[in-house]
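The values are calculated or read from the model by the stated rules, or taken from the named source; none is laboratory data. These figures come from a predicted structure and were not determined experimentally. Using ideal geometry, Cβ is built from the backbone for each residue, glycine included, and neighbour counts are taken over all protein chains shown. Just the protein is used for accessible areas: all its heavy atoms, side chains included, with ligands, DNA and RNA removed. Shrake-Rupley method; radii C 1.70, N 1.55, O 1.52, S 1.80 Å.
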Amino acid sequence: MARDTRGTIEIKKFSDHHVITQANPLSKVLRRVGERDLDDPIARAEKALAGLSGEFKRWMRIEADRLSAAHAAILKHGFTNASCEELFRAAHDIKGDAATFGYPSAGAAADSLCRIIEHAPELDHVPSDLIAHHINAIQAIVRERTKLDTVAMATELSRQLRGIADQYLKHANRNRPDHLEAILAPSIMPAD
């Protein structure tokens, strides 16, 4: 059965325009709270995140191990569609989770690895050491994150890996100008 909506719309006519107003049907379901009872959803989210933070290191280790397993499968069986996809997904997941979990340098290294996988014309021709160095760097950053002197070193390592990856991609795509534009674009990964 349709509700009766007559009388809920008001039209005010002016010489050069009309103003149409409608009663707010949500005003019947809103509950007013006192100022001291206000809920702060950001504070609640930060509290929940702090409660989970003890798990971050374990979760990052699981993701880093997944990346290593994907790389080991490639070393054993070569580059297949499935193995390339798993390597990319593992690196992409680290790229997405790392900053939230407190490992921004691992995220930067994973971003660089994702760029290699996305932009290399043929993954078979990517120097195996370039991929291995990215994976080893991510493993080391996750493993050594608790030591105070490693943050600056991890940041510099990620920066240098990105530079080497970009040099390789520029060379590998020198005849593909459409890819060069994407390769030369600055990273969108958050800085430390």
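Against the conditions (1) over 29 Å from the mean Cα position of the chain (by Cα); (2) open to solvent by less than 70 Å² (accessible area, probe 1.4 Å); (3) of a type in the set (Val, Ile, Thr), residue 80 satisfies every one except (1).
Within segment 154-168, residues that are free of Cβ contacts under 8 Å to residues at least 60 places away in the same chain and over 15 Å from residue 120 (Cα atoms) have Cβ atoms under 9 Å from residues that are in a helix (DSSP H, G or I) and of a type in the set (Asp, Glu) in these pairs: 154/144; 158/111, counting only partners at least 6 apart in sequence or on another chain. Using the structure shown, decide if residue 174 is modelled with pLDDT of 80 or more and in a loop (DSSP other than H, G, I, E, B). Spelling it out, residue 174 is indeed modelled with pLDDT of 80 or more and in a loop (DSSP other than H, G, I, E, B).
Restricting attention to segment 9-19, does a residue exist that is among the small types (Gly, Ala, Ser), on the phi < 0 side of the Ramachandran plot and in a helix (DSSP H, G or I)? No, every residue in segment 9-19 fails to be among the small types (Gly, Ala, Ser), on the phi < 0 side of the Ramachandran plot and in a helix (DSSP H, G or I).
Consider segment 34-80. How many of its residues are under 26 Å from residue 90 (Cα atoms) and outside any helix (DSSP H, G or I)? Counting residues in segment 34-80 that are under 26 Å from residue 90 (Cα atoms) and outside any helix (DSSP H, G or I) gives 3. Could you tell me whether residue 94 is aliphatic (A, V, I, L, M), under 19 Å from the mean Cα position of the chain (by Cα), in a helix (DSSP H, G or I) and surrounded by fewer than 17 Cβ atoms within 10 Å (Cβ to Cβ)? No; evaluated as a whole, the condition is false for this residue. Against the condition closer than 17 Å to residue 56 by Cβ and open to solvent by less than 40 Å² (accessible area, probe 1.4 Å), how does residue 107 come out, does it pass? Yes.
Only one residue in 23, 45, 99 is aliphatic (A, V, I, L, M), more than 14 Å from residue 138 (Cα to Cα), surrounded by 12 or more Cβ atoms within 10 Å (Cβ to Cβ) and at pLDDT below 90. Which one?
Only one candidate passes the filter, namely 23.
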